[in-house]
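Below you'll find the structure, written out as structure tokens, and then a few comments.
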Amino acid sequence: TVLVVGATGFIGRHAAERLAETGFQVISTSRSEHSDFTCDLLDPETIGKVLDRARPDAILVTAGNSSVGSAWDDPDGNFQTNTTGTFNLLEAVRRQTPSTKVTLVSSAGVYGPPESPEDLPFTEASPVRPASPYGASKAAVEVFAGQYARGYGLKVAIARAFNQLGPGQS
């Protein structure tokens with residue numbers, strides 16, 4: 001059973017569909033009513049209720065602010081949505097379903113622009129030098145995830161996605 005958090009967004013929608021096609025039982029969440037559960041990551045109580053009912057084997061987290069532009073317009077709101085939301089989810093998993101595998105979708109925005117051509121291509125070993133509030137929030141999410149993996153033994157993976165284009169995107 002895979003819980004897709006943010007299942008009505010661009011990545012979440014496609015991931016949920018593909019997971020279901022390959023035989024996984026998918027449970028979807030979003031802040032809207034167009035999913036199995038309504039869940040706001042800024043509300044720890046709703047996260048706890050979803051985990052109690054879903055009891056997932058794995059969680060794919062695609063929820064959060066994904067707009068670099070809107071992050072510049074509202075850096076605090078962007079940071080709260082991405083970091084506090086992730087913290088709330090990891091804390092709920094730690095307390096309620098600590099054996100659940102969690103995959104967080106991060107961003108290549110954590111790298112910032114290359115400082116020289118030798119910096120390319122980016123790899124997982126490349127320095128993290130975010131140049132936007134969005135990239136900084138995603139870098140913070142990765143730090144939280146590492147701390148929860150090391151400190152509490154949670155099984156957390158990070159997927160650093162680059163720009164995506166595809167069907168259903170405006």
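The values are calculated or read from the model by the stated rules, or taken from the named source; none is laboratory data. Being a predicted model, the structure only gives us computed values, none of them experimental. Using ideal geometry, Cβ is built from the backbone for each residue, glycine included, and neighbour counts are taken over all protein chains shown. Ligands, DNA and RNA are stripped out before the accessible areas are found, and what is left, the full protein with its side chains, is counted by its heavy atoms. Shrake-Rupley method; radii C 1.70, N 1.55, O 1.52, S 1.80 Å.
From the list Ala125, Ala149, Ala136, pick out the single residue that is among the small types (Gly, Ala, Ser) and open to solvent by 50 Å² or more (accessible area, probe 1.4 Å).
Only one candidate passes the filter, namely Ala125.
Out of (1) open to solvent by 60 Å² or more (accessible area, probe 1.4 Å); (2) out of contact with any Phe, Trp or Tyr (no Cβ under 8 Å at 6 or more places or on another chain), what's the single condition that is false for Phe87?
(2)
Kindly evaluate Phe37 against the criterion of being over 16 Å from the mean Cα position of the chain (by Cα) and within 22 Å of Lys155 (Cα to Cα).
no
What number of residues in region 98-118 are open to solvent by 10 Å² or more (accessible area, probe 1.4 Å), over 25 Å from Ser67 (Cα atoms) and part of a loop (DSSP other than H, G, I, E, B)?
3
Counting just the residues of region 152-164 that are closer than 19 Å to Thr62 by Cβ and open to solvent by 60 Å² or more (accessible area, probe 1.4 Å), which one comes out nearest to the chain's Cα centre (by Cα)? Give the derivation first.
Taking region 152-164 as the starting set, the residues that turn out to be closer than 19 Å to Thr62 by Cβ are 154-164.
Now drop any that are not open to solvent by 60 Å² or more (accessible area, probe 1.4 Å), which leaves 155, 158, 160, 162-164.
Values: Lys155: 14, Ile158: 8, Arg160: 10, Phe162: 14, Asn163: 15, Gln164: 15 Å.
Residue satisfying both the conditions and the ranking: Ile158.
For a quick check of your reading of the model, give me the residue pairs whose first member lies in region 116-143 and is touching a residue at least 24 places away in the same chain (Cβ under 8 Å), whose second is β-branched (Val, Ile, Thr) and open to solvent by 40 Å² or more (accessible area, probe 1.4 Å), with beta-carbon atoms closer than 6 Å and at least 6 apart or on different chains.
Within 6 Å, the pairs are Ser132/Val68; Tyr134/Val68; Ala139/Val128; Glu142/Ile158.
Those residues that are free of Cβ contacts under 8 Å to residues at least 40 places away in the same chain and part of a helix (DSSP H, G or I), I need them from region 144-170; list them, please.
Matches in region 144-170: Gly146, Gln147, Ala149, Arg150, Gly151.
Residue check: is Ser70 over 17 Å from Leu42 (Cα atoms), surrounded by 15 or more Cβ atoms within 10 Å (Cβ to Cβ) and touching a strand residue (DSSP E or B) at 6+ places or on another chain (Cβ under 7 Å)?
It is false that Ser70 is over 17 Å from Leu42 (Cα atoms), surrounded by 15 or more Cβ atoms within 10 Å (Cβ to Cβ) and touching a strand residue (DSSP E or B) at 6+ places or on another chain (Cβ under 7 Å).
Going by what's in this entry, would Arg53 be described as open to solvent by 80 Å² or more (accessible area, probe 1.4 Å) and under 16 Å from the mean Cα position of the chain (by Cα)?
The answer is no for Arg53.
When residues of region 1-24 are filtered for being part of a helix (DSSP H, G or I) and in contact (Cβ under 8 Å) with a residue 60 or more places away in the chain, how many remain?
4
List, please: which pairs have Cβ atoms under 8 Å, are six or more places apart or on different chains, and start with a residue in region 51-78 that is part of a strand (DSSP E or B) and end with one that is open to solvent by 30 Å² or more (accessible area, probe 1.4 Å)?
Matching pairs, first to second residue: Ala58/Thr1; Ala58/Lys101; Ala58/Thr103; Ile59/Lys101; Ile59/Thr103; Leu60/Leu19; Leu60/Thr103; Val61/Thr103.
Go through region 25-34 and give me each residue that's open to solvent by less than 80 Å² (accessible area, probe 1.4 Å) and either modelled with pLDDT of 95 or more or not in a loop (DSSP other than H, G, I, E, B) (or both).
Those that are open to solvent by less than 80 Å² (accessible area, probe 1.4 Å) and either modelled with pLDDT of 95 or more or not in a loop (DSSP other than H, G, I, E, B) (or both): Val26, Ile27, Ser28, Thr29, Ser30.
Is it fair to say Val68 is among the aliphatic types (A, V, I, L, M), under 16 Å from Ser106 (Cβ atoms) and modelled with pLDDT under 95?
yes
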